[in-house]
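> Structure provided below as structure tokens; questions to follow.
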Amino acid sequence: MKRTIIKIDEDKCTGCGDCIIGCHEGALQLIDGKARMISELYCDGLGACIGDCPVGAIELEEREAEAYDEIKTIERMVEKGESTIKAHLNHLKDHNQDEYVEQALDYLNKHNININLNNMNSTEKHEHSSEGFCGCPGSGTQDFRETKKETTTDGNFSAPSQLQQWPVQLHLLNPMASYFQNADVLLAADCAAFAVGDFHNKFMKDKSIAIACPKLDSNMEIYVEKLSAMIDQAKINTLQVVIMEVPCCSGLLQIAKQATQKASRKIPLKLTVISLQGETIQEDWV
């Protein structure tokens, strides 16, 4: 059958093992100093390992592959213990894979395997840093959309943050995270938020966000891949690129254009250019 599955560029792979920690299905192992897939049966094709790769050696592709098998995957999880099972279930919930979650829970119930799932409700299931997330705590996927943002009324007014998710740096983002599904996405240059005083309300409200620097970031090919995956697989609605007026910043627009050209779906692409004093000097649909 044809399905989406990861592809590893062994020439880029440094053997750091970060992707192996990020793969809760146990599909990856270090072999001869390189990350390799040990079985396509265990790869769910959701791409959680992509954000853990610091050199952009992993991408998603559609090819002939064995079907992902949740039962075989959860059997392996049982051997690794409760925390690993929780991480796996959280991973599936983050990607709205309800069918796989039900299969896993049915298996656990049938085999009388008791797992404390109290920390997997809608408000806590994304807090991987405390339980269930096996990578860097600062890179754990968190969705803030269900959290109410309130302003204070005691005279110490504080504008509420409009940030809907964590992380925000494009290298760390999983393009299939729940907050990108059918979302309006803001791709902003790192410096833009420091120039615009009202950046949150003006640009971030009701949008999922990715930030990047086309001058200082490395392996920007993965940026094109991730944005393309957001368009085709997460099915984002729109993409707005906010850059500074400095020449090097235009590279971010080129990355977005490459991604939209590579993607099979067509979505609206909007460009906003900010002056060094934080004023909007250009705004066009590209």
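Readers should treat all values here as calculations from the given coordinates under stated rules, not as data from a laboratory. Given the structure is predicted, the values throughout are model-derived calculations rather than measurements. Quick reminder, even Gly has a Cβ in these numbers, built from the backbone with ideal geometry, and neighbours come from all protein chains shown.
> So what is the 222 nm mean residue ellipticity for the chain from helices alone, if each DSSP H run of at least 4 adds -39500 (n - 2.57) and you divide by all residues, rounding to the nearest 500 deg cm²/dmol?
Calculated at 222 nm, the ellipticity per residue is -7500 deg cm²/dmol.
> Right, here's the next one. Using a basic spin-label model with each label point 7 Å from the Cα along Cα→Cβ, how many nm lie between Leu30 and Lys270?
4.5
> Could you give the size of the charge dipole of the range 160-286 about its Cα centre, using +1 on the Cβ of each K and R and -1 on the Cβ of each D and E, expressed in debye and rounded to the nearest 20?
Using Cβ point charges on Lys, Arg, Asp and Glu, the range 160-286 gives about 360 debye.
> Please report, in whole Å, how far the alpha carbons of the chain spread along each principal axis, starting with the longest.
Answer, in whole Å and largest first: 61, 52, 32 Å.
> Which one of Cys249, Gln142, Ser208 is farthest out on the positive end of the charge dipole of the chain, using unit charges on Cβ (Lys, Arg +1; Asp, Glu -1) and the Cα centre as origin?
Among Cys249, Gln142, Ser208, the one farthest towards the positive end of the dipole of the chain is Cys249.
> At q = 0.23, 0.31 Å⁻¹, what base-10 log of I(q)/I(0) does the Debye formula yield for the range 31-82 when every alpha carbon is treated as an equal point scatterer in vacuo?
Normalising to I(0) and taking log10 leaves -1.09, -1.22.
> About its Cα centre, how strong a charge dipole does the range 2-64 have in debye, to the nearest 20, once Lys and Arg get +1 and Asp and Glu get -1 at the Cβ?
I would put it at about 60 debye.
> Sticking with this structure for a sec: Among Ile209, Ile115, Ile274, which one shows the biggest mean-square fluctuation in a GNM of the chain, springs joining Cα atoms closer than 10 Å?
Maximum fluctuation in the GNM of the chain, among the listed residues, is at Ile115.
> Let me know the charge dipole size of the chain about its Cα centre in debye, to the nearest 20, where only the beta-carbon of Lys, Arg (+1) and Asp, Glu (-1) is charged.
Rounded to the nearest 20 debye, it is 480 debye.
> Stretch Gln261-Ser39 to full length: gain in nm at 0.36 nm per residue minus the Cα-Cα span?
76.7 nm
> Pick from Ala229, Ala177, Ala159: which is most flexible by mean-square fluctuation in a GNM of the chain where alpha carbon atoms under 10 Å apart are linked?
Ala159
> Given a 10 angstrom Cα cut-off, can you work out which residue in Ser228, Ser275, Ser178 is the most mobile in a GNM of the chain?
Ser275
> Students often get this wrong, so check it: of Lys12/Lys257; Lys202/Lys262; Lys12/Lys202; Lys205/Lys266, which have C-alpha atoms separated by over 32 Å?
Over 32 Å Cα-Cα: Lys12/Lys202.
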